[in-house]
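Here the structure is laid out as structure tokens; the discussion comes afterwards.
The values are calculated or read from the model by the stated rules, or taken from the named source; none is laboratory data. A quick note: this is a predicted structure, and the numbers were derived from the prediction, not measured. Please note that ligands, DNA and RNA were not included when accessible areas were found on the heavy atoms of the full protein model with its side chains. Shrake-Rupley method; radii C 1.70, N 1.55, O 1.52, S 1.80 Å.
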Amino acid sequence: IPDKANMKDAIVDYKVVHKMIDDFYDSKENNPKYWGAWDDEQFNALNKYVYDNARVTLAKFKKDSVKTVNHIAMEFERKKAADVYKKTSYAKTGILDTNKLFSAKYNDDVFKKNMRIPEGKNHGLVMIIDWSGSMTDNIFGCIKQVMELSFFCKKVNIPFDVYSFMEGDPNYESSDGSYKHTPISFEYKNGDLVTDCRVRLRNYLSSRMNAKDYNNGLLNMCILANRFQNRRGIGHDRFSYYPCPSDDELKCTPLNGAILLSEHVIRKFRKDNNLQSVHAVFLTDGESSGSVYTYDITKDTENDRRAGKGEMYNEKCNVYLKDNKTKKNHLVMKGGYYGRGTALTPALLDIVRDRLGINIVGFFILNSFTNSQLWRYVPKREHVTYEAGQTFFKDWVKKAKQDGWFIKDQSGYDEYYVIRGDALKKDFDGDLNVKPDMTAHRMAQMFMKKNNAFKTNRVILSRFIDLITENTTS
């Protein structure tokens, strides 16, 4: 796999990301390509619409997140304190305790003791979100989730970064109007793996932001959340589906390239923040797109070199990825199985985890939990009767629908959660709507429904808490 990344072009810092969004909506002259057909009155009306609605959405996100964030922060401090208490030890100093000398005749323990409290580890979180077209239905809820996660990290003082991953366009329009090739994201040597060569990680939120930049970043994320929410017809006025910068449009799913690039991002993140433990979260709704090749330095052009030797899965043999750093070989394909980029994902995750010594958690989003969607995720059971298998299937699907999420065995991840997409969109902080004429049974049902929704909404935050408190001290 390629050792070096083109960090200058492949990683887009939050300052660049949000300046592009600010400039896009600030003036027609900044982007005549998009606003050429709009007169000043229309543009000013749109500008007001975009920012007014974003402020309303941000205020609602902040209000809705208060209970969740406070609850998770309390849980974090409680688990951390319990872990410290569990690992606290006492040691004799060899110095007499004068307050105990009177008991020397019947007590051997007359020496002073030291209490040894283990030092806490420094933790950090890097979240990488799928910014593909299929995420349209879920991007609103995902943005809300990562904003809540950033609220929590700020509250308990944990460094964090939130990135989107997408594939850059092969060409871009330069300032003089001509088109040029978009720089590739890796520096390849002969024989290197080539996949998603123009993947980009765009930094939307970061603990490096000052208060002004952070609040502006939140507002811009709400602009994008509203825009993609309205794409599905949720808004009905003339400005519902408004333009956004081309670099923030939803595109394809270069998951494998994002995994390769994440190693360089996480390594720098850990060094810059002096962290002992870093946790990476990949949040996606699909498999990796794109072809896989080996780099051939003998070809004439850059495109031919990156496509040299053809698809690696054409050979009917076992295929391994060789990691020269850890000296490990990772099985990608066995006996000619045609897996394309999908088969690469677990191996790439293993390589990044082994190189960095980090936890990697995956969250996969399904739009809905119907029987036709869930049947492929039901755990396989051998040597059971048909009736027992049917009963198990019904019970498992019923629980998954009630919870709104379940854990799946998935190679490459420490844990892999499947979450119902519509659960991310719900408002969990509304009133219980309990009425005086309700029966006690009906009130209990409504309370349990709201409580289950609350638990579903905080599954990502809760899992992060579990990760960083499982080994908080050393």
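Determine the shape class of region 241-280: with a ≥ b ≥ c the square roots of the Cα gyration tensor eigenvalues, call it rounded for a/c under 1.5, and otherwise prolate if a/b is greater than b/c, oblate otherwise.
Numbers: a/c = 3.66, a/b = 2.13, b/c = 1.72.
Cα axes put region 241-280 in the prolate bin.
Of the accessible area of region 241-294, computed with a 1.4 Å probe over protein heavy atoms only, carbon and sulfur atoms account for 45 percent.
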